[in-house]
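Structure record follows, encoded as structure tokens.
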Amino acid sequence: MRSVRWSVAALAAVVLVGTAWTGTSGAAPGVGSEGDGTQAGATASAVPGAAFSVDQIPGSGYGPGDRVVALTFDDGPDRTYTPQILSVLRRYGAPATFFEVGYEVAARPELTAALAAAGMSVANHTSHHVDLTRIAPSAWASEVDVTTQLISHADGQVVRCLRPPYEAFNGSVVSLAAARGLTTVLWTADSEDYKRPGVGAILAHSLLNLRNGAIIGLHDGGGDRSQTVAALPLLIETLRARGYRLVPICGAPPAPTGITNQVYGFGSAPAVGGPLPSRAPLVGGAATPSGAGYWTVAADGGVFNFGDAGFLGSEGGRVLSAPVVGMAATPSGRGYWMVARDGGVFNFGDAAFLGSRGGANPADTFVAVLPAGGSGAGYWLVAQRATAG
Ligand SMILES: [Zn+2]
């Protein structure tokens, strides 16, 4: 794989050169509508390596028996509709995956960063929304590699998947993507939201072929997506009512099972609990005032209590808008707070909710919650913010 070492400005210049797809209708002129599905339907079984469901994505961490569904949004980031869709997803604590167009990322990288900061996964949808079956392999540098670099620059994450525009792919597309470490990802159900058929029709199309691991194709960019925004709450509620957990795809692979809690004590601090398994990586902990117990907390909000530390509740098993990054105990030892990466605060036991920064500024990445003094009547939330240049 070629190493691309351009500056952000140079990347933006490369992306913006050429025929930009204007995408007002969700389809490039003369190429057909993106979601007609004829090509994918004809070639799906003949193209090994392309993923049509969550469990088919290498490293997804989910198998065919997992009751999960992935919501995916293409063609953004869009200055109008991406923030609206993100707002709905945040309100529901629903993670999703965004397949972005490079020149849109170059125009508004802050939206890509905001999506990632909110726990969304971001992946590649080419620089100019091109038909990958009609470009030369040499054009992948500008159409695929540049967009991977733009997204990584914007959100600091590794790009792991490529969604071919117009569902246009073949064995060559899948292998050129694989050579770059990208899985070619399609969908189980096309919402047909780009046709603006009304909220009811978008919902009905989205729920076709619903099954474990289903991937639903929606759009946040490329045109008027107000119907998508309007349909989203009902879609999320319906999926959850049917017992599906919404998961992002193509992000960092979930932690392997079999992580264990192991605490080592020094000086007068005893290690009071044996190894315990955790599904998500451990990110922090807090001690009781007696020094005879402690809690550890995992990124999914699960709490493990040891010694005289009581279990007072957790977020384990819920869908969080951002991973938990730290916890602090109240002075009494009968309560604790957790803080999530987006500044959300969860309180348990005698820990009072005193305010949060949840979603207040997507540029902030929270790293810790600190109890203020011995009263339990205050805390600090510690954030870091990337500075320009
Ligand atoms: Zn598209």
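A few remarks follow.
- Sole exception among (1) in contact with a Gly (Cβ under 8 Å, 6 or more places away or on another chain); (2) of a type outside the set (A, V, I, L, M, F, W, C); (3) in a loop (DSSP other than H, G, I, E, B) for residue 72, by number: (3)
- Restricting segment 166-178 to residues that are more than 16 Å from the ligand (Cβ to nearest atom) and of a type in the set (Gly, Ala, Ser), the residue that is nearest to residue 120 (Cα to Cα): 178
- Which listed residue is farther than 24 Å from residue 57 by Cα, in contact with a Gly (Cβ under 8 Å, 6 or more places away or on another chain) and in contact (Cβ under 8 Å) with a residue 60 or more places away in the chain, from 194, 166: 194
- Within segment 99-121, residues that are buried (at least 24 other Cβ atoms within 10 Å of the Cβ) reach partners that are among the small types (Gly, Ala, Ser) and part of a strand (DSSP E or B) with beta carbons closer than 7 Å, at six or more positions or on different chains, in the pairs 99/123.
- Test: residue 325 is in contact with a Leu (Cβ under 8 Å, 6 or more places away or on another chain) and either of a type in the set (Val, Ile, Thr) or not in a strand (DSSP E or B) (or both): no
- Some residue of segment 224-247 being within 16 Å of the ligand (Cβ to nearest atom), within 17 Å of residue 56 (Cα to Cα) and either touching a Leu at 6+ places or on another chain (Cβ under 6 Å) or not assigned by TED's automatic domain parsing to the domain that holds residue 160 (or both): no
- Residue check for residue 119: small (Gly, Ala, Ser) and closer than 30 Å to residue 301 by Cβ: yes
- Evaluated against (1) in contact with a Ser or Thr (Cβ under 9 Å, 6 or more places away or on another chain); (2) surrounded by fewer than 18 Cβ atoms within 10 Å (Cβ to Cβ); (3) without any contact (Cβ under 8 Å) to a residue 60 or more places away in the chain, residue 158 falls short on exactly one condition, (3).
- Scanning segment 129-165 for residues that are within 16 Å of the ligand (Cβ to nearest atom) and basic (Lys, Arg) gives 134, 163.
The values are calculated or read from the model by the stated rules, or taken from the named source; none is laboratory data. Since this is a predicted model, take the numbers as computed values, not measurements. Glycine also receives a Cβ, built like all others from the backbone with ideal geometry; neighbour counts cover every protein chain displayed.
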